[in-house]
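Contents: one structure, followed by commentary.
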Amino acid sequence: MAENFGNFIEPKNDEVEYLIVGFSSTSLPLKQRWKNKGLSADFISGYLQTFFVGRQDGDDGLRNGETIPARSRNAAKYIANELLENAMKFSDEGAKYSTRISFYLHEEQLIFYVVNSLNENDKANFQAYIQKLISSDANDLYIEQMEANALNPDSNTSGLGFLSMICDYSARLAWKFEILDTDDDMSGTPVSVVTTMVCVDV
C-alpha cells in the first residue's frame, strides 16, 4: 500500500511528451555513478528543449522558433541534477533496484519523477524531513539551512536541493512510498521504494 506526502500526481502517458531514463545498479554501483549525473541532466534539459522550438504564435506566448525561456530550461537542468544526485546517493544498493528518472510535458506544466530504493533507516529520516518541509515555510527553512551549512560546511547532506526548487523555481513537490514485490530486485524480496515528484510551470 502506498503512502503519499503532498499532492502526488500519478504519471500518465496519454497524449503528452515523456522521457524515461533508467540506471541499473548491477553493472556499476550507483554511488559511484552519481558523480556523472550532470551528463544526464544536460541530456534531459536539451531533449526537453526540442519540444519548445517551432511553436506558432499564441500557443504559449512564445514566438515562432523561440526556444524554451532560459529560466525554465535552467529549472529542468537543476531539478534533474538534484533528483539524480539524491536518488543515487541514497539508493539501497543491497536491493539491486534500478533508479529511474522521467519527465512528462503537459500543456502548462512539466512533471519530473525519480524512483529509487531506500533502506528503512533512510526512509524514516527522509519522511521526517518531508513532514518538516511540507508543514513549514520554505523560505524560512532555506535561510535556516543556509546558516546551518555555514556552521558545518563539511556536512554531506546540505538539504538545500528541494528548498531551492520551491523557492527559486516555484516547484510543487510530493512523494510516494511503496513496498514492491518486483523482479527488478535480484534477491526476490520486497523492496522499499520512493517516488519523488517535482512539478513546475512552463
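The values are calculated or read from the model by the stated rules, or taken from the named source; none is laboratory data. Worth saying up front: this structure is predicted, and the values here are computed from it rather than measured. We place every Cβ from the backbone using ideal geometry, glycine too, and count neighbours over all the protein chains shown.
Tabulated values for the structure
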quantity	calculated
Members of the range 107-121 found to be outside any loop (DSSP other than H, G, I, E, B) and either buried (at least 17 other Cβ atoms within 10 Å of the Cβ) or under 17 Å from the mean Cα position of the chain (by Cα) (or both), listed by number	Gln109, Leu110, Ile111, Phe112, Tyr113, Val114, Val115, Asn116, Ser117
Some residue of the range 64-71 being over 16 Å from Thr196 (Cα atoms) and modelled with pLDDT of 80 or more	no
Residues of the range 35-57 classified as under 19 Å from Phe90 (Cβ atoms) and either in contact with a Lys or Arg (Cβ under 6 Å, 6 or more places away or on another chain) or at pLDDT 90 or above (or both), total	1
Yes/no for Gln32 being at pLDDT below 60 and either part of a loop (DSSP other than H, G, I, E, B) or closer than 22 Å to Arg172 by Cα (or both)	no
Flag for Lys132 being surrounded by 14 or more Cβ atoms within 10 Å (Cβ to Cβ) and of a type in the set (Lys, Arg)	no
Residue match in the range 143-161 (condition: modelled with pLDDT of 90 or more and among the small types (Gly, Ala, Ser))	yes
Cβ pairs under 6 Å, 6+ apart, first in the range 125-154 and over 17 Å from Met165 (Cα atoms), second of a type in the set (Gly, Ala, Ser) and surrounded by 13 or more Cβ atoms within 10 Å (Cβ to Cβ)	Asn149/Ser158
